[in-house]
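Beneath this line is the structure, given in structure tokens, with notes to follow.
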Amino acid sequence: MQRAAGMQLVKDAKAGDQTAFELLLRPLIEPGHRFASAMLHDPQAAEDAVQEASIKAWTKLHQLREGTEMRPWFLGIVANQCRSARRQRWWSVIKTAEPERGTEPPPEDAAGGADLRRAIRNLDHRDRTVLILYFYLDLPLQEISAATGSSPAAVRGQLYRAVHKLRPALAVEEA
Amino acid sequence: MENEARIRREIQQALDPVVRPAPWLADSIRESLGGLSTRRGWELVNSQSLGWSAARAAVAVLLILAVAAIFLVGSRALTRPHEVPAQPTVDPAVQHYRAVVDENFPVLEHQVVASLPAACGQVRAPACREQVLKTKEAAQKFQADLSGVSVPPQLQSIDADLRTGLADVVAGLDAMLLDLDHNNYDAFAKDGDALFSVKLYEVYPAAVAVDCWPKAAVEPLNSEGIFKLVCGEAPSPTSTQRYQPVAYADWGLLRMSINSTDQICADHSSLCRARTLETKRLSQQFLNDIGPLIVPPQLAPFDGELRQGLHDLIAALDDRVAAIDSGDTNRWDAANVSVDQVKFNVIAKAIEEMACWPKGVQIGDDSSSSAWPCTS
């Protein structure tokens, strides 16, 4: 029933009903923002990425194929925005009088957390995307597959590789 | 399974601190969408009643508008408070030079960040070429204004960087114009990307450095990898403080150049050759920059590895160019692997070792990873 209502909203939004689109988008903004924040580690850039992804989703809604879930489709757009944001990262060059202290991790996780964040940042875009979608947003493999355009088996492989690369920074021994 | 749960928990604990609540985001997005709704409705209504080609034209117009809107949103980045700089100075020559930079840089920045991407969302649109020309004019005016000002001795090295960066911007824009003349839109996109990723990356730090003087524009250590230039303490006379910022800054540029070339060369794209030469130039520049610096004794072993790595990289890049020229794709692939291996196994390792010193680097089994933590 809920799925049918969702499909109707997609249909209405595709027909130009902005309210329908907003109803579809609203529950996706928070996960989109968490995802972008985890990808970029920069609050302003993350907000920009979600905002731009939302506009892109609205203008490209006609590309959403019938039967495709909105969440992975939208998160795929957010992922692309994050890639652009990192590629053009001189956007985020800001000039401030002194180094900002606010971005430093809280002392209690300064050791392990910072190393792991650094390791995650160093993953390439695809590995980072699947890792964060799976472990941080708890998305099932099927949805990650839809978001990234890879097969579930490929996603599983990417996840394995990503975790393997993170191993030195993880306290847990990899299986 | 339990292991997976623990990994999940660890990752969540590591990433939670970088997520800042943004309760205003939904409203902000809604506001942005409001401005687009009329145009979207226009497209939907009209494309149904028009023929295919007319509908495509309508979509093209819409795309231009949509991209413009996207970049208008993106350009909010420009309005972030630039709190800085201007350290009070009584030196009129510095004041004058700084005024020239402050007058020209924002114009060029706006062109590259906002006007150019907005107009070139539809690359065939005449407005795109017009904006490329306008951007070039802004860069050339910047160059001309700099030529007309006497450079204060204390800003000479920054001035040299700025001029080099501007020359690269102009060259990049010329390449984009040529791409347009040849209807080579793929090359245009790549050259545009290079303009963003590399060319202004050179100009921006110099412009910030002018503002910051007598402090220095520094990328703070432990900045969590987010590239932010801030006005910090000018490098002190100690050799460590001189050596490390240069090594990190040059490594940042070189790494970006290598990474942006990876896929292009793996695909055997015709762009690989030019990008490889650019990477070679940056490698040579890296060697030149650290050449005259006094190496702090504690970093000497890593410096040796770094220099050797840069020489090896240059050799691997030369080999790639030779492979491209000879049309030998097997050799090309082998050179790609060599570039990657030198980058990770030698240069990245040396840089990580410097960054971690006096701690060591815990190198994992996976030699393709650069995610090596410092030992505890």
How far is it, in nm, from the label point at A:ALA171 to the one at A:LYS14 when both lie 7 Å from their Cα along the line to the Cβ?
4.8 nm
At R0 = 25 Å the Cβ-Cβ FRET efficiency linking B:ARG124 and B:THR329, nearest 0.05, sits at 0.15
Tally Lys and Arg at +1 and Asp and Glu at -1 over the other residues with C-beta under 12 Å from the C-beta of B:TRP213: what net charge comes out?
-1
I want the local charge near B:GLY291. Using Cβ-Cβ distances under 12 Å, sum +1 for each Lys or Arg and -1 for each Asp or Glu among the other residues.
-2
Can you list residues from other chains, or at least 5 along the same chain, whose modelled amide H is less than 5 Å from the amide H of A:SER150?
none
For B:VAL361, which sequence-distant residues (separation of 5 or more, or a different chain) have an amide H within less than 5 Å of its own amide H, given hydrogens modelled in the peptide plane?
B:THR375
Estimated inter-spin distance, A:SER84 and A:ALA154, nm [label 7 Å along Cα→Cβ]:
2.2 nm
Return the sequence-ordered ³J(HN,Hα) values of region B:266-273 in whole Hz as given by the Karplus equation 6.51 cos²θ - 1.76 cosθ + 1.60 applied to θ = phi - 60°, using x for Gly and Pro.
4, 7, 6, 6, 5, 6, 4, 4
Subtracting the Cα-Cα distance from 0.36 nm times the residue separation, let me have the gained length for B:ASP289 to B:GLU31 in nm, one decimal.
88.1 nm
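Can you compute the FRET efficiency between A:MET7 and B:VAL100 using 1/(1 + (r/R0)^6), with r the Cβ-Cβ distance and R0 = 51 Å? Round to the nearest 0.05.
Result of the calculation: an efficiency of 0.30.
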Applied in sequence order to region A:13-19, the curve 6.51 cos²θ - 1.76 cosθ + 1.60 (Karplus, θ = phi - 60°) yields integer Hz couplings, x standing for Gly and Pro, of 5, 4, 7, x, 7, 5, 4
Per-residue Cβ contact counts at 10 Å, fewest first, order B:GLU137, B:GLU353 as B:GLU137, B:GLU353
Cα centroids of region B:309-366 and region A:135-157: how far apart, whole angstrom?
31 Å
Cut-off 11 Å between beta-carbons: net charge of the residues surrounding B:ILE351, Lys and Arg +1, Asp and Glu -1:
-2
Averaged over peptide B:210-216, how many Cβ atoms belonging to another chain are found within 10 Å of each residue's Cβ?
1
Entries in A:LYS165/B:LYS359; B:LYS136/B:LYS280; B:LYS280/B:LYS349 that, when Cα-Cα distance is taken, lie over 24 Å
B:LYS136/B:LYS280
To the nearest 0.05, what FRET efficiency results for B:ALA315 and B:ARG20 with a Förster distance of 41 Å applied to their C-beta separation?
0.35
Please list 3J(HN,Hα) in residue order for region A:57-69, calculated via the Karplus relation 6.51 cos²θ - 1.76 cosθ + 1.60 where θ = phi - 60°; whole Hz, with x for glycine and proline.
4, 5, 6, 10, 4, 5, 7, 6, 6, 4, x, 7, 6
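A short reminder: the numbers here are calculations on the coordinates, not readings from a lab. Bear in mind the structure is a predicted one, so any value in this text is a computation, not a measurement. Positions of Cβ are backbone-derived with ideal geometry, glycine not excepted, and every protein chain shown enters the neighbour counts.
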